[in-house]
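The values are calculated or read from the model by the stated rules, or taken from the named source; none is laboratory data. Everything quoted here is computed from the prediction, not taken from an experiment. For neighbour counting, all protein chains shown are included, and Cβ atoms are generated from backbone atoms with ideal geometry for every residue, glycine included. Surface areas here come from the heavy atoms of the whole protein model, side chains and all, with no ligands, DNA or RNA. Shrake-Rupley method; radii C 1.70, N 1.55, O 1.52, S 1.80 Å.
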Amino acid sequence: MLCLKKRVAKGERFSGRKLSFSLLFPVFFFFVHPVSDINNLEKTTPKRIIDSNLISEFKISKQQVFEQVFGDAVMLDTAIVQRVKSEKPGTRHYVDRNNDGKPEEVWFIDNDRRHNKNNLPILVKVIDENGNLEATMEPDKCGDLWIADWNADGLVDAVIDYEDIDGDGDVDSMGMFFYDPKNGLRVWWSRDDGDDNLLWYDVDYVYDQSLCQYRTHFGGDESFCSFYYDPGKNRWIPFSENPFLFYDRNKDGITEEVIRMAGHGNDIWSVRWSFDADNDGTLVQPRNFDAGITALAPGWTPAETKASLKITGKESEIITIRGIPTGWVLNRKTATDYLRQITWGRVLLTWDEIDLNRAWNKANDTIDRWEGVIASASLDSAFYMPRVGGPDCGPYNKRYELVLQPSAPNDFYFNPADYRIHIKYADKAWMDVDYDGDNESDMYYNWLDTDNDGILDKMTLDIGHNGVIDDSWDMDISGVKPVQWTFDGLNSAYAPALASMPARKYLLNKALMAVLISIRKDVAEDPVWTLVQKNMENENFSGDVSRRLTFSDESILFYLNLVCDRQIVGLKKLKAGADSFWKAFYAARGNNDLESMIEMLCEEFGVETPVQDYREWNDRRKNQPARQRVAWMENPSSNWRWESEDAAFRFYDGHFDLFGKRTKQLIFPRFAEITKENYHYDRNEWGMDILEIGNSSGCGGLILYVDGVAYPVRTESGGYTPVFTGRLIKETAEEVTLEFVAKHIVPGKPYEVRIRPTVFAGREDCRIEVTVEGNSAEEKAEIGIGLTSLPQETFIFDPQTGIMGSWGFQNPEIGWMGMGMIFPADRFARMDEQPNEHRVVMPYEKGKPLVYHIQSRWLKGLRFSCCPSAQDWGNILKVKANQIKK
């Protein structure tokens, strides 16, 4: 049984009128891009959001706008402001306004390194709205109101409201409130529908797209909306994001489906709707959308761009924010069914064939897009489609299919003849190819519906994109099957095709190359194939992009398609092969019968049938040069350090210490170079020492018990001092084992404790093996493993699983962190609680080494740091314990 013990008082969120507030955002619209190719509706802002008497005539200040919703909560007491400013940054000031002996507020200066220097110092006032704040303890992010004052000038600039709706002690929704000179008070409101306790990251207590989007979750099951406050109606009005919906369809913690509605009030202007069709998103790389549609409201035309879809209460929900209702917002539970039955004004299907869904041509924005697939505009006047939102994925290497005037709700189908999913009744379908990343077109594909039956039945290819058709072929449509616009529908059609097609295309390419060489010995290697063979490395692709393309099955299929099509054109230009061969060859091509195509090539040109070695070739291509993924170092005074790219540890005088990292990397080989300031403070780019150990074990330090008497295996002030020696036992690129030997532990007795920590590449934990020597049969020897007690912590203990840990807080510099130890449950004897540490005690049997693991997480170092809970940390330790057992 997992036991969580908190060192904080329990309480309920205040039932009275909540001090209106939500998470603050800067005036930053990540969905609005003032460019000529964007939908004009995207740039529409309300003409009157706050009464003109308040804005135009009286020039109401930002402070007064916050007061409209939050009242006295955002009126900062001048005396407290001055007192907080006079103290050291980070010092907590507790305020007990009703003199009941329990604080309702805590104030402090937050100069955390994530904030912009021009806004420092940031004064923060936190109001305890769930009744669990105690003096000396930290406020929480699951029920408190956080108010931020940039430059500590006494005026509010941002507010974040964290809510625990279901009372389970973790965040369920959050509002980020900010001031917009045009629209007054606005809020980004987000909800954790999947209860994974991960929501939005902030800088300066607001959301900044460039600084926050990578570390904001935007995943799993989640929703968010944008609102502005209309004081005349006392209502939050939906604006632009109405809403943004993320769905985790297979419950793996990753979003497979994302919908973004854009509109104002009850009017919906457009929808973007995307999927991870091949289901290759991971917890490490959770954003991997492959396909999406962009749909404009019914009635939209290039001449009538203000068309909108009117939503009603039937398909909507009303949210209450700080006691104030919102307008109608599309209900996530029924949204997909509702949207599927709409006949849209114009629809564009986008398929990311190269598997690189990133902002196009933006050097400083290289993350995988969280918004789904954002299509580039089509500026052809006959096939016009504006861009909806941004940044878009670009004009190249994406398959676009445009339906100009849909007459019915969208229909989709899978055609085995080109192993692709298409939208029915496309008026134009195309793919502009830039294979080498130089932003110039190299090839251009068209799909045609020659008989206007709604099914694409012909492809054309223009190599060089010079207006000359180099090749064309008919596609068999007899095997076409309908596909539902759902994750299961798309995945069940696309995933099997993706699993089989790369190997088949690879073999066809081998046959084509053999034929070309048999005809002309000096035939030049195709440049696309050369790039593939070089693992996509060239002057245009960054190392990250090259690796991404090399390791993606979708990418390799994309490039093998290009190579095969180019090789076929090259073979035709040699005027080789009989007419009957080409007729039969193209018939097979139209059926995607690659095996028959290979057989005909070999028979017609007298070459041997190629050997299928795709797996071996692909493995060789993906095989990266061995690199060091673990490291160690020794400093004077037996200060030993070791690490994987995921975690770092230190051993000194018997204490086990922890380092927190912001990114996966090895720090010890370059420690002096990258550590510019004292690593006990959060002032270095890589991270910091995250544990103040004092006179305790740290995370996993040992205590030797002899006949029930405890002898800490460490140096303690005023105590007996063991002697330590250390050495390296093993070092490879993937694993490091050190050994520390402690002697003179028990006065007058020859006990020795041998400690062997091992760190493994790709893992956060460290395995520790302990042996005891010098114990006699007459004496009872036990091993205790210690865990430093934190001033504020939730203690985690599960003897059945074999885990002991804590989630807690030591000081503002370190912030929140988790520590844990995994021990053999079958050897557990008892707990030994001490004032400064927790100890789990196990009997030691001679000749039977004791093996345990230690692990930690630093909240500031997590990509998604808002807002994991102690329960989440306990679950992580439990999963690790079960993995170790296996």
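Name the residue, out of Ile796, Ile803, Ile814, Ile854, that is crowded, with 20+ Cβ neighbours inside 10 Å, hydrophobic (A, V, I, L, M, F, W, C) and in contact with a Lys or Arg (Cβ under 7 Å, 6 or more places away or on another chain).
After ruling out the rest, the residue left standing is Ile803.
Of everything in region 249-275 that's in contact with a helix residue (DSSP H, G or I) (Cβ under 6 Å, 6 or more places away or on another chain) and acidic (Asp, Glu), which residue is surrounded by the most Cβ atoms within 10 Å (Cβ to Cβ)?
Glu256
Any idea which of Ala408, Ala382, Ala426 is more than 26 Å from Tyr247 (Cα to Cα), part of a loop (DSSP other than H, G, I, E, B) and out of contact with any Pro (no Cβ under 7 Å at 6 or more places or on another chain)?
On the way: Ala408 fails: more than 26 Å from Tyr247 (Cα to Cα); Ala382 fails: part of a loop (DSSP other than H, G, I, E, B).
None of the other options fit; the residue is Ala426.
Here is a list: Ala511, Ala503, Ala524, Ala499. Which entry is open to solvent by 40 Å² or more (accessible area, probe 1.4 Å), of a type in the set (A, V, I, L, M, F, W, C) and either in contact with a helix residue (DSSP H, G or I) (Cβ under 7 Å, 6 or more places away or on another chain) or at pLDDT below 95 (or both)? Break it down stepwise before answering.
On the way: Ala511 fails: open to solvent by 40 Å² or more (accessible area, probe 1.4 Å); Ala503 fails: open to solvent by 40 Å² or more (accessible area, probe 1.4 Å); Ala499 fails: either in contact with a helix residue (DSSP H, G or I) (Cβ under 7 Å, 6 or more places away or on another chain) or at pLDDT below 95 (or both).
Answer to the selection: Ala524.
Which numbered condition in (1) assigned to a strand (DSSP E or B); (2) out of contact with any Phe, Trp or Tyr (no Cβ under 7 Å at 6 or more places or on another chain); (3) among the β-branched types (Val, Ile, Thr) is the only one that Ile293 fails?
Status for Ile293: all satisfied but (2).
Give the residue, chosen from Tyr413, Tyr384, that is aromatic (Phe, Trp, Tyr) and either under 27 Å from the mean Cα position of the chain (by Cα) or open to solvent by 20 Å² or more (accessible area, probe 1.4 Å) (or both). Explain how you work it out, then say what you get.
Details: Tyr413 fails: either under 27 Å from the mean Cα position of the chain (by Cα) or open to solvent by 20 Å² or more (accessible area, probe 1.4 Å) (or both).
Result: Tyr384 is the single residue among Tyr413, Tyr384 that is aromatic (Phe, Trp, Tyr) and either under 27 Å from the mean Cα position of the chain (by Cα) or open to solvent by 20 Å² or more (accessible area, probe 1.4 Å) (or both).
List pairs: first residue in region 750-770 and under 16 Å from Gln883 (Cα atoms) and basic (Lys, Arg), second residue part of a strand (DSSP E or B) and at pLDDT below 95 anywhere in the structure, Cβ distance under 8 angstrom, at least six positions apart or on different chains.
Going by the 8 Å Cβ cut-off, there are no qualifying pairs.
Being of a type in the set (A, V, I, L, M, F, W, C) and farther than 16 Å from Ala148 by Cβ is the filter here; which residues of region 75-134 pass it?
Going through region 75-134, the residues of a type in the set (A, V, I, L, M, F, W, C) turn out to be 75-76, 79-81, 84, 95, 106-109, 120, 122-124, 126-127, 133.
Across region 75-134, the qualifying residues are Ala79, Val95, Leu133.
Could you list, in sequence order, the residues of region 605-625 that are open to solvent by 70 Å² or more (accessible area, probe 1.4 Å) and within 28 Å of Ser500 (Cβ to Cβ)?
Glu608, Thr609, Val611, Gln612, Arg615, Glu616, Asp619, Arg620, Asn623, Gln624
Can Tyr179 be described as more than 20 Å from Ser223 (Cα to Cα), among the hydroxyl-bearing types (Ser, Thr, Tyr) and touching a helix residue (DSSP H, G or I) at 6+ places or on another chain (Cβ under 7 Å)? Lay out the reasoning, then the answer.
On the way: more than 20 Å from Ser223 (Cα to Cα): yes; among the hydroxyl-bearing types (Ser, Thr, Tyr): yes; touching a helix residue (DSSP H, G or I) at 6+ places or on another chain (Cβ under 7 Å): yes.
Yes, satisfied.
Those residues that are open to solvent by less than 60 Å² (accessible area, probe 1.4 Å) and part of a strand (DSSP E or B), I need them from region 460-479; list them, please. Give the derivation first.
First pass over region 460-479, keeping only residues open to solvent by less than 60 Å² (accessible area, probe 1.4 Å): 460-464, 470-473, 475-477, 479.
Residues satisfying the conditions are Thr460, Leu461, Asp462, Ile463, Asp471, Ser472, Trp473.
May I ask you to say which residue of Tyr444, Tyr413, Tyr400 is in a strand (DSSP E or B) and without any contact (Cβ under 8 Å) to a residue 24 or more places away in the chain? First the steps, then the outcome.
Working: Tyr413 fails: without any contact (Cβ under 8 Å) to a residue 24 or more places away in the chain; Tyr400 fails: without any contact (Cβ under 8 Å) to a residue 24 or more places away in the chain.
Being in a strand (DSSP E or B) and without any contact (Cβ under 8 Å) to a residue 24 or more places away in the chain holds for just one of Tyr444, Tyr413, Tyr400, which is Tyr444.
Can you tell me which of Asp170, Asp278 is open to solvent by 20 Å² or more (accessible area, probe 1.4 Å) and either of a type in the set (Asp, Glu) or in a strand (DSSP E or B) (or both)? Can you show your working first?
On the way: Asp170 fails: open to solvent by 20 Å² or more (accessible area, probe 1.4 Å).
The unique qualifying residue is Asp278.
Condition first: closer than 17 Å to Val569 by Cβ and surrounded by fewer than 18 Cβ atoms within 10 Å (Cβ to Cβ). Can you find one or more residues in region 446-459 that meet it? Give the derivation first.
Just the residues of region 446-459 that are closer than 17 Å to Val569 by Cβ, to begin with: 446, 458-459.
After this cut, where a residue has to be surrounded by fewer than 18 Cβ atoms within 10 Å (Cβ to Cβ) as well, the list is 446, 458.
There is at least one residue in region 446-459 that is closer than 17 Å to Val569 by Cβ and surrounded by fewer than 18 Cβ atoms within 10 Å (Cβ to Cβ).
Restricting attention to region 534-544, does a residue exist that is small (Gly, Ala, Ser), assigned to a helix (DSSP H, G or I) and modelled with pLDDT under 95?
Yes, there is a match, as at least one residue in region 534-544 is small (Gly, Ala, Ser), assigned to a helix (DSSP H, G or I) and modelled with pLDDT under 95.
Against the condition assigned to a loop (DSSP other than H, G, I, E, B) and either more than 30 Å from Arg727 (Cβ to Cβ) or open to solvent by less than 40 Å² (accessible area, probe 1.4 Å) (or both), how does Gln628 come out, does it pass? Steps first, answer last, please.
On the way: assigned to a loop (DSSP other than H, G, I, E, B): yes; either more than 30 Å from Arg727 (Cβ to Cβ) or open to solvent by less than 40 Å² (accessible area, probe 1.4 Å) (or both): no.
No: the conditions fail for Gln628.
Tally up the residues in region 838-886 that are acidic (Asp, Glu) and either without any contact (Cβ under 8 Å) to a residue 24 or more places away in the chain or farther than 18 Å from Gly815 by Cα (or both), please.
Initially, region 838-886 is screened for residues acidic (Asp, Glu), giving 845, 872.
This time we only want the ones that are either without any contact (Cβ under 8 Å) to a residue 24 or more places away in the chain or farther than 18 Å from Gly815 by Cα (or both), so: 845.
So the count comes out to 1.
Which of the residues belonging to region 53-86 are modelled with pLDDT under 95 and outside any helix (DSSP H, G or I)?
Passing the criteria: Phe58, Lys59, Ile60, Ser61.
Identify all residues within region 682-725 that are over 18 Å from Pro835 (Cα atoms), part of a loop (DSSP other than H, G, I, E, B) and either open to solvent by less than 30 Å² (accessible area, probe 1.4 Å) or without any contact (Cβ under 8 Å) to a residue 24 or more places away in the chain (or both); write none if there are none.
Residues satisfying the conditions are Asp682, Asn684, Glu685, Trp686, Ile690, Thr721, Pro722.
Suppose the filter is within 37 Å of the chain's Cα centre (by Cα) and within 30 Å of Ser472 (Cα to Cα); does Glu599 pass it?
Considered against the rule, which asks whether it is within 37 Å of the chain's Cα centre (by Cα) and within 30 Å of Ser472 (Cα to Cα), Glu599 comes out as no.
Pull up region 147-162, narrow it to residues that are part of a loop (DSSP other than H, G, I, E, B) and closer than 18 Å to Asp180 by Cβ, then point me to the one that is most open to solvent (accessible area, probe 1.4 Å).
Quick first cut of region 147-162, residues part of a loop (DSSP other than H, G, I, E, B) only: 151-157.
Then drop every residue that is not closer than 18 Å to Asp180 by Cβ, which leaves 155-157.
Working: Leu155: 87, Val156: 2, Asp157: 19 Å².
So, considering only residues that are part of a loop (DSSP other than H, G, I, E, B) and closer than 18 Å to Asp180 by Cβ, the one most open to solvent (accessible area, probe 1.4 Å) is Leu155.
So Asn635 ticks every box in (1) in contact (Cβ under 8 Å) with a residue 12 or more places away in the chain; (2) within 30 Å of Ile690 (Cβ to Cβ) but one. Which box is left unticked?
(1)
Scan region 295-315 residue by residue and report those that are among the aliphatic types (A, V, I, L, M) and without any contact (Cβ under 8 Å) to a residue 40 or more places away in the chain.
The answer is Ala303, Ala307.
Against the condition over 43 Å from the mean Cα position of the chain (by Cα), open to solvent by 40 Å² or more (accessible area, probe 1.4 Å) and touching a residue at least 24 places away in the same chain (Cβ under 8 Å), how does Lys743 come out, does it pass?
Numbers: over 43 Å from the mean Cα position of the chain (by Cα): yes; open to solvent by 40 Å² or more (accessible area, probe 1.4 Å): yes; touching a residue at least 24 places away in the same chain (Cβ under 8 Å): no.
Here the answer is no, as Lys743 does not meet what is asked.
All but one of (1) touching a residue at least 60 places away in the same chain (Cβ under 8 Å); (2) in contact with a helix residue (DSSP H, G or I) (Cβ under 8 Å, 6 or more places away or on another chain); (3) under 19 Å from Lys306 (Cα atoms) hold for Trp344; which doesn't?
Looking at each condition in turn, Trp344 falls short on (2).
Within the set of pairs 6+ apart or on separate chains, which have a first residue in region 319-332 that is without any contact (Cβ under 8 Å) to a residue 60 or more places away in the chain, a second that is of a type in the set (Ser, Thr, Tyr), and C-beta atoms under 9 Å apart?
Once the first residue is without any contact (Cβ under 8 Å) to a residue 60 or more places away in the chain and sits in region 319-332, its partners that are of a type in the set (Ser, Thr, Tyr) give Thr320/Thr326; Asn331/Ser316; Asn331/Tyr338.
If a residue has to be open to solvent by less than 10 Å² (accessible area, probe 1.4 Å) and in a loop (DSSP other than H, G, I, E, B) to count, how many in region 116-130 make the cut?
1
For region 635-672, give me each residue that is more than 23 Å from the chain's Cα centre (by Cα), within 17 Å of Ile729 (Cα to Cα) and surrounded by 15 or more Cβ atoms within 10 Å (Cβ to Cβ).
Ser638, Trp640, Arg641, Trp642, Glu643, Phe649, Arg650, Phe651
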